[in-house]
Each structure stands twice: as C-alpha cells, then as structure tokens.
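As structure tokens, the structure follows; a few thoughts come after it.
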Amino acid sequence: MPTPAAATAPPLESSMLARAARILYAFTTTTPELSMSDVVRRTGLPRSSVHRIMDQLVQLRALERTGSRYRLGLGLLELGALAVHQNRLRETALPHLRALHTATGAMVHLAVLDGHEIVYLEKIGGSAGGRAPSRLGGRQPAYCTGAGKAILAFADADRLAEALAAGLPARTPFTITDERVLRRELARIREHGVAFDREEGYRGIACIAAPLRDAGGAPVAAISISGPPAKMDPQRLVPPLLTTSRAVWRALFAPGRRRADAPPAAESGFPVIGKG
C-alpha cells in the first residue's frame, strides 16, 4: 500500500504521527516482515528515529517483534476489522454477495479502486484450488483484473490516467499491455456494462465483473465472480451478477432504501438464468 502523500509532505512530514505512518506503510503483502535496517532504507528516516518509534509501536500493539524482525501487530488487525465492519458499502452489499455466491458457486469479491490498484473489501467462497491470490484487504493491479477494469471503464480521465501511469507489465501471456488495446477494452465495458479478466492477472483464474456506480454515474466499486476459466460461462453468470449489482445500487442509492441488514426479498433473489 502506498504511503499517504501527507506523510511525506509539509507540514506533517516531520511529525511523529507522519513518521509512524511511513514506518507502518513500509510493510507490504510481499514483505510482511522487515528488519529495522529494512525500514530505515524504505522510509529514509534516521535510524535513531525509526528505533524510537518502532519501540513505541510495539508497545501499542501496532507492531510485533520476533528477534530482529518486525511485522504488523494485532492492534492494527483489530482496527482494520472494525473499519471494514463499519464500511457502509460492504455492509450493504454483503447479503447480496452471499446470495450471488450461493446462486453461482463462484468466488465473489467486492473491490474499490485506490490509485492504480484495487483493494478487496470482501471475499466470499473458496480459493479456486488454492490458486486465487485475493484476500480481504489485499491489492491487485486494476488494469489486469475484472473488477479493476469495470471501475476504470467508468472512471474520470484523471483516475484513468493515474492507473495507466503505473504501467501495464505483462503478468501472464494474456495480459493486455498496450494502452490502446486496453482503452478499446474499456470502451466495450462501457457499452455492455460487464468486464472480463481472461487469465490476465493469474493463469488459471478468470473473472467477470460489474461496476457499482453512484447516483451520478461515477464508479464507487465493483462486484466480481471468479473461478477456473472452464467454469466461467458468461451466459450463466452474467445475469445473476448484474442482478446483484442492481440490488446493491438500489440498497445504497435508491429513494426509500431499507436498512442494509434487511434487504427486500425481491432484491435478494435471482431471476431464472438467462431471463435477467
């Protein structure tokens, strides 16, 4: 996760809070454990400051120390779980996501865009034979995921430019690495309202996704279903996916919406496949 810009720019750069944030954001999914020297190198902070702040973070349970190695602590996990629990989008969508998983048997995700990456707010279902890399709070590049493309297709020019500026490196032989090709793909998504990931992020994992847009049409999230390519039949899966996105939209934005923990029965169900 990128360090917030405020943590490296005046007037917060020299504050204890900003420095602590820079230290915490030095830990990533690919490097969950770091030594103090690793943190000094990644943050650019003086070693004495890093030592003092990390000791305090350990006392506050924001970090855990084993020998000379550090990792994020249970205190942050508890706060993160609370933040996710209180997230209105996730809370509203959750019963519909569960219904989608029951109806399709596919792995279901709810994701939002953060910079050039998507962040998973929810994941329901198995791991597609252990190959799916997603996890709650995890990140993936937007350009090669169904959820990411579903959001980018309806994003404004600035958000799209930010995502494209990070580059389009090939992750599999099927990854779209040409910006012109990707822009054509996004245009097709705008036309049809559904995005596809054809093993573009990971071999053996395909995905179909639909955007969630606010009352003004701006994308706020995406719902996706994933699994082995042989099982991702669009004719079978697209209708319940779109039904789910419409149900969540109504629960979030439609006038007279009900509480998220008690969605109307009509919004929780699915039409006969192929009839939606």
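The values are calculated or read from the model by the stated rules, or taken from the named source; none is laboratory data. None of the values given here were measured: they were computed from a predicted structure. All Cβ positions, glycine included, derive from the backbone under ideal geometry; neighbour counts span all protein chains shown.
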May I ask you to verify whether Leu79 is in a helix (DSSP H, G or I) and either charged (D, E, K, R) or in contact with a Leu (Cβ under 9 Å, 6 or more places away or on another chain) (or both)?
no
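For every residue, the table says whether it meets (1) touching a residue at least 12 places away in the same chain (Cβ under 8 Å); (2) among the β-branched types (Val, Ile, Thr); (3) surrounded by fewer than 18 Cβ atoms within 10 Å (Cβ to Cβ).
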{"position": "Leu17", "(1), (2), (3)": "no, no, yes"}
{"position": "Ile23", "(1), (2), (3)": "yes, yes, no"}
{"position": "Thr28", "(1), (2), (3)": "yes, yes, yes"}
{"position": "Thr31", "(1), (2), (3)": "no, yes, yes"}
{"position": "Leu34", "(1), (2), (3)": "yes, no, no"}
{"position": "Thr43", "(1), (2), (3)": "yes, yes, no"}
When region 206-220 is checked residue by residue, the ones that are of a type in the set (Val, Ile, Thr) and closer than 15 Å to Leu237 by Cα are Ile208
Just to be sure, is Leu212 at pLDDT below 95, surrounded by 21 or more Cβ atoms within 10 Å (Cβ to Cβ) and under 21 Å from the mean Cα position of the chain (by Cα)?
yes
Any residue in region 101-108 that is outside the structural domain of Ala209 (by TED's automatic domain parsing), without any contact (Cβ under 8 Å) to a residue 12 or more places away in the chain and more than 30 Å from Ala163 (Cα to Cα)?
no
Does Ser14 fit the bill of being small (Gly, Ala, Ser) and at pLDDT below 85?
yes
Here are some conditions: (1) in the same structural domain as Arg22 (by TED's automatic domain parsing); (2) crowded, with 16+ Cβ neighbours inside 10 Å. His51 meets all but one. Which one does it not meet?
(2)
Would you say Arg71 is assigned by TED's automatic domain parsing to the domain that holds Thr31, surrounded by fewer than 17 Cβ atoms within 10 Å (Cβ to Cβ) and in contact with a Pro (Cβ under 9 Å, 6 or more places away or on another chain)?
yes
